[in-house]
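The values are calculated or read from the model by the stated rules, or taken from the named source; none is laboratory data. What you see is a predicted model; the values in this text were computed from it and never measured. Cβ placement follows ideal geometry from the backbone for every residue including glycine, while neighbour counts extend to all protein chains displayed.
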Amino acid sequence: MTFNFESQRALFPILAKKAQLSSCSQSALSMPVAQAITDYTTGWLERGMDWAGWMETVHAAKAEFARLIHAEAKDIFVMSCVSDIASSIGSSMEFTAEKNGIVVGEIDFPSLGHVWLAHERKGAAVQFVKADDNHCIDLQSYQSAIDDRTCLVSVSHVSYYNGFIQDIRAIADIAHKHDALMFVDAYQSVGALQIDVVRDRIDVLACGAQKFLLGCPGIAFAYIRPELANTLRPSNTGWFGRVNPFAFDIRALDYAPGAPRFDTGTPPMVNAYAVRAGMQLLNSLGMDKVAPYLAHLSSVALQEVKRLGLRCASPDNPAIKASNTAVYVSDSLGVEYKMAQAGFIVSARNDVIRIAPHFYNTEEEVVMALRELAHHAG
Ligand SMILES: Cc1ncc(COP(=O)(O)O)c(C=O)c1O
């Protein structure tokens, strides 16, 4: 496959010196994102404050995010992290004796388990879906776990651990057959895969900024299906969730129509500047170009892992594996450090090293990183 993003590499100064392959954790900083952060501080330094401009940028960031998932900006709300988004959704739910089940994959990011477990004292009953030995969960396991008592199914679209891609559309269908909501943690997939929340019948989808969206920590986006939003009243709330935040009526808990009812306090402004620029870059390149290229890099990585005889924790079927390739090592943090010394920025998690390229990486970088890793895998 030809590498169409050569000219974009100059936007990421670090690539001149190092191979940053850590998009499952933090993507490389691009000049447009750095400039956007400067624009925020310059405005603050020179104008003192610019509330209208700041809010406009938050809205523009929502619009860029919406474009990445085939949604509309009006159906997006922002918080500071994915954990907070899940907590807010949980805070808007009623758990009754007949309908209180929350189904969550045991391989999903731990925060999601923690958030749903915290709702057990409000009457929820959490059920973890078991994974197979390859850290994947098949549809049958969800089918068995979901029943008429289930009120919410929480699914990780792409595993943070090994890049396994879950079939979210199929699980959404199972959830809806039982009148349960479908919550998707898409932190590892938005900006890496082509996503269509309407086609896939997602009720809520959450994603933070610093992985494939090219931004920095401190802001996360959520899509909520508009018909659903108006039926929920989150107890995790604040003045930005009101019909008119500037009414300043302390006694009126009037929920704004649609997704904005999930807004809480002052949004994370500088983070919005940064991630908006990152998402603008992605949207200008087009996910129809970025996603196939990442699938190609993923296949290249799988072939090289096999050739080198490395022990791989990722699925060996490229059709169900995203950018992230996880290789077992004996001392992951130690190996992450040695890889960084050798010029490869990769990410340690538990017993694996994750190599997760973005569109700005080359085949050669992926192959060379795996060859270096082979010296340290132990
Ligand atoms: C898939 C996934 N979900 C959730 C999180 C945590 O998100 P946050 O820190 O925004 O709550 C991570 C962080 O690595 C992740 O990879």
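At a glance:
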| read-out | value |
| --- | --- |
| Qualifying residue in the range 45-63 (condition: assigned to a helix (DSSP H, G or I), surrounded by 14 or more Cβ atoms within 10 Å (Cβ to Cβ), at negative phi and within 16 Å of the ligand (Cβ to nearest atom)) | yes |
| Residue in the range 18-34 that is more than 14 Å from Gly278 (Cβ to Cβ), outside the structural domain of Ile202 (by TED's automatic domain parsing) and either hydroxyl-bearing (Ser, Thr, Tyr) or assigned to a helix (DSSP H, G or I) (or both) present | yes |
| Number of the exception - Thr42 against (1) part of a helix (DSSP H, G or I); (2) in contact (Cβ under 8 Å) with a residue 12 or more places away in the chain | (2) |
| Identity of the residue in the range 69-91, away from the ligand (no atom under 16 Å from the Cβ) and surrounded by 20 or more Cβ atoms within 10 Å (Cβ to Cβ), that ends up nearest to Trp54 (Cα to Cα) | Asp75 |
| Among residues of the range 234-255, those that are closer than 13 Å to Ile76 by Cα and part of a loop (DSSP other than H, G, I, E, B), counted | 0 |
| Neighbours by Cβ (under 7 Å, 6+ apart or cross-chain): first from the range 109-121, within 13 Å of the ligand (Cβ to nearest atom); second at pLDDT 95 or above and charged (D, E, K, R) | Phe109/Asp185; Leu112/Asp185 |
| Test: residue in the range 288-295 that is within 30 Å of Glu56 (Cα to Cα) and hydrophobic (A, V, I, L, M, F, W, C) | yes |
| Ala73, sole failed condition from (1) touching a residue at least 40 places away in the same chain (Cβ under 8 Å); (2) touching a Lys or Arg at 6+ places or on another chain (Cβ under 6 Å) | (1) |
